[in-house]
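All remarks here apply to the structure that follows.
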Amino acid sequence: MLGHDRALSVIALLGLRGVDIGLFEGHDHLKPSRELARPARNGGLLKRQLDAHGLRAADLFLQLNASFADCALNHPDPNRRAFARESFERTLDYAVAAESDHLTLLPGTTFEGELRSASLSRSAEELAWRVELAKSAKVRVAVEPHVGSLIDTPRRALALAGQVAGLGFTLDYAHFKRAGFEDSAIEPLTARATHVHARSARPGRLQSSLNWNAIGFKQMLAALHRQGFGGWIALEYVWIEWEHCNEVDVLSESIKLRDHLLAEAAKI
């Protein structure tokens, strides 16, 4: 609801040191069609804007279309895959200019008329190309296992990661908690976590208040610590109608979860 610069002001006022940057075509702030037209220039402008607020780019999250499928990196149409590859190359230039060393992608989805294994294999091939290309830019590539993707369960997420050396996870327990998974089933994914999205959730709700939260954040932080996690933990409350995400007070819940995470982390 705020313009991008004012949103950054609020994030800085919360005492946070970094910010996740969404390059989302379906949202109002930074659209890939505009930002990636001149990636080095626009990435540099973003860096100066972040500097003015005392913030760093913790992650760049690329979504080329509001639909998970239309520009999916594993789309069966080779022309769409080529567009996604070209956009990724431009995003790397943008990331370097913005001084972000982490890039999150959607892992792709399944497509009608083909086996899940075919969709998974194509996703693994495309992601391996991206991970290798990003090495020269010293940027880490991760995917977010999420509702509606081809890796919507912990087992499926680990199966994809097993096919792509060097691929990280942008891990959000909420996507699995919504589906009813126990924390113990989600915890193995911390071994590949390079970035974390934190928000309260419970079975049936991707996003909830902390009072109704069913995620064991203390145990999650301990698991990340055992794995030597050195990335950022982002507060990822959003206010949109999708998945009932407009049913909580985003600002208040962000503050409450910030304080809860800091308190629990201090004990480790």
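General remarks:
- Members of the range 4-63 found to be surrounded by 19 or more Cβ atoms within 10 Å (Cβ to Cβ), among the small types (Gly, Ala, Ser) and either in the same structural domain as SER254 (by TED's automatic domain parsing) or part of a helix (DSSP H, G or I) (or both), listed by number: GLY43
- Residues of the range 108-138 satisfying the condition of being within 16 Å of the chain's Cα centre (by Cα) and either modelled with pLDDT under 95 or over 21 Å from ALA157 (Cα atoms) (or both): GLY108, THR109
- Identity of the residue in the range 178-191, farther than 20 Å from LEU160 by Cβ and in contact (Cβ under 8 Å) with a residue 12 or more places away in the chain, that ends up surrounded by the most Cβ atoms within 10 Å (Cβ to Cβ): ASP183
Condition check ((1) more than 24 Å from GLY18 (Cβ to Cβ); (2) part of a loop (DSSP other than H, G, I, E, B)) across all residues:
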site	(1), (2)
ALA84	yes, no
THR91	no, no
GLU114	yes, yes
ALA128	yes, no
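- The residue pairs whose first member lies in the range 201-225 and is closer than 12 Å to GLU253 by Cα and assigned to a helix (DSSP H, G or I), whose second member is at pLDDT 95 or above and of a type in the set (Gly, Ala, Ser), and whose beta carbons are closer than 8 Å, counting only pairs six or more residues apart or on different chains, are LEU210/SER200; TRP212/SER200.
- Every test in (1) in contact (Cβ under 8 Å) with a residue 60 or more places away in the chain; (2) in a helix (DSSP H, G or I) is passed by THR194 save one, and that test is (2).
- ALA142 vs. criteria closer than 19 Å to LEU62 by Cα and assigned to a strand (DSSP E or B): yes
The values are calculated or read from the model by the stated rules, or taken from the named source; none is laboratory data. What you see is a predicted model, and the numbers here were worked out from it, not measured in a lab. Glycine also receives a Cβ, built like all others from the backbone with ideal geometry; neighbour counts cover every protein chain displayed.
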